[in-house]
Amino acid sequence: MKNIVILISGRGSNMQSIVRCIEEQAWPARVAAVISNKADAAGLAFASEHGIASAVVSNKDFPDRASFDLALQQAIDAYMPDLVVLAGFMRILTPGFVDHFAGRLLNIHPSLLPSFPGLHTHERALEAGVKFHGATVHFVTADLDHGPIVEQAVVPVLPDDTEETLSARVLKEEHVIYPRAVRLFVEGRLRILGNRVDVLPECAQQTEKVQA
Ligand code: GRF
């Protein structure tokens, strides 16, 4: 059974999609805790309704980024996670934090990386006039919104799109690809090769297990 810790800052709809998939599909995984840097994050209520431990580590309680990240790291480590999932966690992380969780830290970003790293991705996609937009699940590296890509979803940009309609179309796909990526990790099917992630076929895993 793999332990997952999910970090949120707000609504937590991606966190909810992962929790629901685990509940419905009985993966060999449990969400050990949901941790927020904001006490009023709406997603915390969902976590407690689902019997998931939650904690708040507020960045406002720390004088600088390094001390906050260290406290956050310690709060996460208390749950002995195999995987840490950033789900709308609106903080830039220090290299020390990223190193500590290297290879077991996933993020979802609402664009087709490497296009549009950073904030306001939907607005920028509309401004740029791209015909396709989407979302990316990637392993986190010290380089913001970069890192080996696990999953991407593509959506069309329609002529009458607004930021709201486009972001809703992308979010729907986020709720598909993030649980899928987490499940692949939990099943041990992701291999990071430099900047690339290979997904091992299910049958290869079964063969490995038989041989083990
Ligand atoms: C999502 O669009 C995600 O891609 C981005 O922040 C948003 C979080 O939404 N990183 P939610 O809190 O998961 O509903």
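Worth a mention:
- Sequence-distant residues sharing a close amide H with His146 (under 5 Å, placed H): Thr141
- Each Cα pair under 8 Å and six or more residues apart adds its separation to the average, and for the stretch 54-212 the resulting relative contact order is 16 percent.
- Inter-centroid distance (Cα atoms) of the stretch 12-26 relative to the stretch 122-157, Å: 22
- For the pair Ala42 and Ala75, a Förster radius of 25 Å applied to the C-beta separation gives a FRET efficiency near 0.80, rounded to the nearest 0.05.
- Most fluctuating residue given options Gly188, Gly43, Gly147, as computed from a GNM of the chain linking Cα atoms under 10 Å: Gly188
- Taking a ≥ b ≥ c as the square roots of the eigenvalues of the alpha carbon gyration tensor, the chain is rounded, as a/c is under 1.5.
- At an R0 of 35 angstrom, the distance between the Cβ atoms of Arg191 and Glu49 translates into a FRET efficiency of 0.45.
- Contour minus Cα-Cα distance for Val130 and Arg30 (0.36 nm per residue): 32.2 nm
- A simple charge model with +1 on the Cβ of Lys and Arg, -1 on the Cβ of Asp and Glu and nothing else charged puts the dipole of the chain at about 380 debye relative to its Cα centre.
- With a cut-off of 11 Å between beta carbons, the residues surrounding Ala168 carry a summed charge of -3, where Lys and Arg count +1 and Asp and Glu -1.
- Span-like helix criteria (full DSSP H runs; alpha carbon extent of at least 15 Å along the helix axis; mean Kyte-Doolittle hydropathy of at least -0.5) are satisfied in the chain by 13-25, 65-77, 163-186.
- Cα gyration tensor shape for the stretch 33-137, rounded if a/c is under 1.5, else prolate or oblate: prolate
- Percentage, to the nearest whole number, of Cα pairs in the stretch 87-210 over 21 Å apart: 43
- The modelled label-to-label distance for the pair Asn3/Asp160, using points 7 Å beyond Cα in the direction of Cβ, is 5.1 nm.
- Furthest towards positive pole of dipole, Met90, Ile18, Gly43, structure part the chain, Cβ charges: Ile18
- Percent carbon-and-sulfur accessible area, the stretch 162-204, ignoring ligands, DNA and RNA, probe 1.4 Å: 55
- Simple Cβ-charge dipole of the stretch 148-207, Lys/Arg +1 and Asp/Glu -1, about Cα centre, in debye nearest 20: 400
The values are calculated or read from the model by the stated rules, or taken from the named source; none is laboratory data. Predicted, not measured: the structure shown is a model, and the values here were computed from it. FYI the Cβ positions are ideal-geometry reconstructions off the backbone, even for glycines, and counts take in every protein chain you see. Ligands, DNA and RNA are excluded from the accessible area calculation, which covers all protein heavy atoms including side chains. Shrake-Rupley method; radii C 1.70, N 1.55, O 1.52, S 1.80 Å.
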